[in-house]
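A.B. asks: Before I ask anything, let me first share the structure, which is written out below as structure tokens.
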């Protein structure tokens, strides 16, 4: 006697459901997105420059100036980047990404070049701090654009977030992958920056950063459309009127402050114990757990 139709149908659909719940299946689905490997390459190249900039600046300035001045320069770099991030984000949101990215790139490369020349020429500490802040303030907002590119490439929308569709789950995996790339860059970037600075020349890391930033901006200009627009709240504070968002930004600010402090203190500690050559490796090891955690989060099966 044949089985009921409902039982046969359940039997046929069970493997597909099981496949969706399989560990790492979300990454296989994401890898099938058209242009995935190109996006992954752009994403990785966009994260190496910021992971190299802080340590490269510390080693460059610390060679001819005190480590106190070098630490202040790194702080100026981070403050400049953080203070202007909302403005650069709004420019990207309200205008075409191309002119904004290219404009930021032009100012950023100019500030970087002048900074290197001033440091190598024995310039004053105030000039170095001003240029370091300008370098951070003009950094092209490539990270914001990469999140937008991932959002569009996975085809997710606000409606998907409500019903928990496949597109939204794919976007969550893409965001986890993007975070793991950032953590991976925090490993490879300091190692590369310290090796180039100590073994070749303190100027070479800045040339590598400039080249990677230029290439990333060029690829994003040809790949990225405008980010999805959100409705305006009408409040004078804009998105900052949201208490959860303010809490999130405060937590993020404290985290960045802690990471920046480690980036400055650990190289000084290594130098005192004649282990400056291992500075990049020390900083990189701190990010191993972040890489593994991000990858694991993106690989969690859809329950």
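The values are calculated or read from the model by the stated rules, or taken from the named source; none is laboratory data. Just so it is clear, the model here is predicted, and its values are computed rather than measured. Glycine also receives a Cβ, built like all others from the backbone with ideal geometry; neighbour counts cover every protein chain displayed.
A.B. asks: Which one of these is assigned to a helix (DSSP H, G or I), surrounded by fewer than 17 Cβ atoms within 10 Å (Cβ to Cβ) and at pLDDT 90 or above: 102, 72?
C.D. replies: Result of the check over 102, 72: 102.
A.B. asks: Any idea which of 184, 143, 166, 216 is modelled with pLDDT of 85 or more and within 23 Å of residue 30 (Cβ to Cβ)?
C.D. replies: Criteria check complete, one pass: 216.
A.B. asks: Any residue at all in region 274-286 that is under 17 Å from the mean Cα position of the chain (by Cα), at pLDDT 75 or above and part of a helix (DSSP H, G or I)?
C.D. replies: No: zero hits.
This table checks each residue for (1) surrounded by 24 or more Cβ atoms within 10 Å (Cβ to Cβ); (2) in contact (Cβ under 8 Å) with a residue 40 or more places away in the chain.
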{"position": "117", "(1), (2)": "no, no"}
{"position": "120", "(1), (2)": "no, yes"}
{"position": "126", "(1), (2)": "no, no"}
{"position": "135", "(1), (2)": "yes, yes"}
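A.B. asks: For region 60-69, what are the residues that are at pLDDT 90 or above and crowded, with 22+ Cβ neighbours inside 10 Å?
C.D. replies: 60, 61
A.B. asks: Can we say residue 155 is part of a loop (DSSP other than H, G, I, E, B) and modelled with pLDDT of 80 or more?
C.D. replies: no
A.B. asks: Within region 178-211, restricting attention to residues that are in contact (Cβ under 8 Å) with a residue 60 or more places away in the chain and not in a helix (DSSP H, G or I), which residue is surrounded by the most Cβ atoms within 10 Å (Cβ to Cβ)?
C.D. replies: So, considering only residues that are in contact (Cβ under 8 Å) with a residue 60 or more places away in the chain and not in a helix (DSSP H, G or I), the one surrounded by the most Cβ atoms within 10 Å (Cβ to Cβ) is 202.
A.B. asks: Now for a different question. All but one of (1) at pLDDT below 85; (2) closer than 17 Å to residue 69 by Cα hold for residue 86, so report the exception by its number.
C.D. replies: Among (1) at pLDDT below 85; (2) closer than 17 Å to residue 69 by Cα, residue 86 violates only (2).
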